[in-house]
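The values are calculated or read from the model by the stated rules, or taken from the named source; none is laboratory data. Since this is a predicted model, take the numbers as computed values, not measurements. Neighbour counts are summed over all protein chains in view; Cβ atoms, including those assigned to glycine, are modelled from backbone coordinates with ideal geometry.
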Amino acid sequence: MTGEPIAVDVVAIGTGQATPALAAALAAQGRSVVIIESGAVGGSCVNVGCTPTKTLRKSARVAHLARRGAEFGVNTGPVQIDFAAVMARVRGIVDGSRSGLEKWMNSTSGVQLIRARGRLDGRDGDRIIVVAGQHRFAATHVFLNTGTRPALPPIPGLAESAPLTNESILGLREAPEHLVIIGGSYIGIEFAQIFRRLGSAVTVLEASPRISSREEPDISARLTAMLEAEGVRVLTGVSLASVERTPEGAVAVTLVGVDAPVVGSHLLVATGRHPNTEDLQLHTVGITTDAQGYIPVDDVLQTTVPNIWALGDVNRRGAFTHTSYQDHEIVLANLSGGQRSLAGRLTTYAMFTDPPLGRIGMSESEARDAMASGRRFLVGTQEMAKVSRAKEEGETIGVIRVLVDEATHRFAGITMLGINADEIVQVIAAMMAADAPYEALRDFLPVHPTVTEFFPTILKRLKPLT
């Protein structure tokens, strides 16, 4: 690495969801763009997140429906899982998505993809120096999109037991005989249901009093009942003392106050994430991370250093593929003379159990807390067991719960556990984004028979939240 740095307009480190579209748009404006990636192109979503897990989820759902065939008058016989074929399908879809993305970036005029580890290396006047392998660039704009990775909690013996993470579990070629999962939040619950449906015994260990503790207690209870009905063992309120490998190669998890350990063939840890910022050399340009290593940004995604932005998981302003993608839209709008901001962003999210959980805005508990300051809310609830389409589909698990601000008639939030919830909650998300009164949805003409057609019914019988 010798000579003067190469002057470019834009350098982006990391190829998560914010980067490719942003790079292409800036290149189309005539800017020179360099993308630096040390790992697999596409970030977590394409390689170890959305794409592989939702592909795996589909195989698990097909197996589940096949077992239920007799309910619908379809006799299938015993269901056999070809786990190797399941994982081959996952790899095929991931490989196709990743290679397609890489080809697109390599063929985009004005964009150069560098396969190396990128880091900052101070400034040269108004430009930021970025080093990647033998390359050295001087950029006017730098975007950091390096994402996060699984974090292991400090449990004695855990690291030495070589546990699986949400990433490494996708490399399995044989189904676990008994999968023990530490962590009963979104990732842990999704994998619990998937692997149970693919034939593994599954035990979930959660330190909180209930799984999915971010959600309302009744939603946690419904999720627990759903998992247990499928044969998943759920242990909550447990404290883990230690983890060790047995002489036979199994994994034994010792719980505080419990004599017999939980023993499984495989152990998955799904308890949190850690930002990939250690190798960025942020101090060379004066950026300081927070105590957990995340990069603080303002409402337009800019760090404390001008012309350096942090996008996606690493900025702690959103932990989803869709928030990362919207980060690029906000940055692009502002660089193009417009005005967009993170201020007031309401994040729609889903937990991809089957049926899925969809959420946006306030929960009932949060609304009740807000009532202390004088706000008042209306609530409407519909059990999925009473939705005709759900009954026709044999998918009656769950509930729809809608909250409306009584004074403004605007939607305050929705919680939905049920068939197609991940899609349906976005109806409310769009209404909230448009600042539309709830009456617009109450009075619209829905299609029958659908789940969404019940929104007018729900909204016609709103009651004060107490």
Counting only residues that are surrounded by fewer than 17 Cβ atoms within 10 Å (Cβ to Cβ), in contact (Cβ under 8 Å) with a residue 12 or more places away in the chain and closer than 16 Å to GLY42 by Cβ, how many does the stretch 106-115 have? 1
For residues that are buried (at least 22 other Cβ atoms within 10 Å of the Cβ) and hydroxyl-bearing (Ser, Thr, Tyr), tally how many sit in the stretch 304-333. 1
Of the numbered conditions (1) without any contact (Cβ under 8 Å) to a residue 40 or more places away in the chain; (2) in contact with a strand residue (DSSP E or B) (Cβ under 8 Å, 6 or more places away or on another chain), ALA385 fails exactly one; give the number of that condition. (2)
What's the total number of residues in the stretch 121-178 that are closer than 30 Å to PRO261 by Cβ and part of a strand (DSSP E or B)? 4
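From the list ARG389, ARG340, which one is in a loop (DSSP other than H, G, I, E, B) and not assigned by TED's automatic domain parsing to the domain that holds ARG57?
On the way: ARG389 fails: in a loop (DSSP other than H, G, I, E, B).
Criteria check complete, one pass: ARG340.
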Candidates THR396, THR408, THR415, THR452, filtered to the one that is out of contact with any strand residue (DSSP E or B) (no Cβ under 9 Å at 6 or more places or on another chain) and not assigned by TED's automatic domain parsing to the domain that holds ASP218: THR452
Flagged in the stretch 141-151 as crowded, with 16+ Cβ neighbours inside 10 Å and aliphatic (A, V, I, L, M), in numbering order, are VAL142, LEU144
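Yes/no per residue for (1) part of a loop (DSSP other than H, G, I, E, B); (2) among the polar types (S, T, N, Q); (3) over 28 Å from ARG57 (Cβ atoms):
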site: THR323; (1), (2), (3): no, yes, no
site: ILE330; (1), (2), (3): no, no, yes
site: GLY344; (1), (2), (3): yes, no, yes
site: THR353; (1), (2), (3): yes, yes, no
Condition check for THR15: crowded, with 20+ Cβ neighbours inside 10 Å, in a loop (DSSP other than H, G, I, E, B), among the polar types (S, T, N, Q) and not assigned by TED's automatic domain parsing to the domain that holds LEU198: yes
Hey, could you check the stretch 228-248 for residues that are under 21 Å from LEU164 (Cα atoms) and free of Cβ contacts under 8 Å to residues at least 40 places away in the same chain and say which is surrounded by the fewest Cβ atoms within 10 Å (Cβ to Cβ)? PRO247
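Assess whether THR289 counts as being out of contact with any Phe, Trp or Tyr (no Cβ under 8 Å at 6 or more places or on another chain), in a loop (DSSP other than H, G, I, E, B) and at pLDDT 95 or above. Full working, then the answer.
Values: out of contact with any Phe, Trp or Tyr (no Cβ under 8 Å at 6 or more places or on another chain): yes; in a loop (DSSP other than H, G, I, E, B): yes; at pLDDT 95 or above: yes.
It is true that THR289 is out of contact with any Phe, Trp or Tyr (no Cβ under 8 Å at 6 or more places or on another chain), in a loop (DSSP other than H, G, I, E, B) and at pLDDT 95 or above.
Give me a count of the residues in the stretch 263-302 that are hydroxyl-bearing (Ser, Thr, Tyr) and more than 20 Å from the chain's Cα centre (by Cα). Break it down stepwise before answering.
Narrowing the stretch 263-302 to residues hydroxyl-bearing (Ser, Thr, Tyr): 265, 271, 277, 284, 288-289, 294.
From the residues that got through so far, the ones that are more than 20 Å from the chain's Cα centre (by Cα) too are 265, 284, 288-289.
Summing the residues that are hydroxyl-bearing (Ser, Thr, Tyr) and more than 20 Å from the chain's Cα centre (by Cα) in the stretch 263-302 gives 4.
Conditions tested, residue by residue: (1) within 17 Å of GLY147 (Cβ to Cβ); (2) crowded, with 20+ Cβ neighbours inside 10 Å.
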| position | (1), (2) |
| --- | --- |
| VAL256 | no, no |
| GLY272 | yes, no |
| VAL285 | no, yes |
| VAL297 | yes, yes |
When (1) out of contact with any Asp or Glu (no Cβ under 8 Å at 6 or more places or on another chain); (2) surrounded by fewer than 17 Cβ atoms within 10 Å (Cβ to Cβ) are applied to VAL447, the one that fails is (1)
Name the residues in the stretch 405-426 that are surrounded by fewer than 16 Cβ atoms within 10 Å (Cβ to Cβ) and within 25 Å of GLY394 (Cβ to Cβ), would you? GLU423
So, of the residues in the stretch 153-195 that are crowded, with 19+ Cβ neighbours inside 10 Å and without any contact (Cβ under 8 Å) to a residue 60 or more places away in the chain, which turns out to be nearest to PRO52 (Cα to Cα)? ALA192
Could you list, ordered by first residue, the pairs with Cβ atoms under 8 Å in which the first is in the stretch 78-105 and in a loop (DSSP other than H, G, I, E, B) and the second is among the aliphatic types (A, V, I, L, M), at least 6 apart or interchain? VAL79/ALA63; VAL79/ALA66; ILE81/ALA63; ILE81/ALA175; ILE81/LEU198
The stretch 292-321: number of residues that are farther than 29 Å from PRO153 by Cα and either in a helix (DSSP H, G or I) or in contact with a helix residue (DSSP H, G or I) (Cβ under 8 Å, 6 or more places away or on another chain) (or both): 5
Has the stretch 341-351 got any residue that is over 21 Å from LEU459 (Cβ atoms) and either in contact (Cβ under 8 Å) with a residue 60 or more places away in the chain or buried (at least 21 other Cβ atoms within 10 Å of the Cβ) (or both)? yes
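How many of the residues making up the stretch 116-140 are of a type outside the set (Val, Ile, Thr) and buried (at least 21 other Cβ atoms within 10 Å of the Cβ)? It would help to see each step written out before you state the result.
Of the residues in the stretch 116-140, the ones of a type outside the set (Val, Ile, Thr) are 116-127, 132-139.
Right, trim to buried (at least 21 other Cβ atoms within 10 Å of the Cβ) and you get 118, 120, 132, 137, 139.
Selection size over the stretch 116-140: 5.
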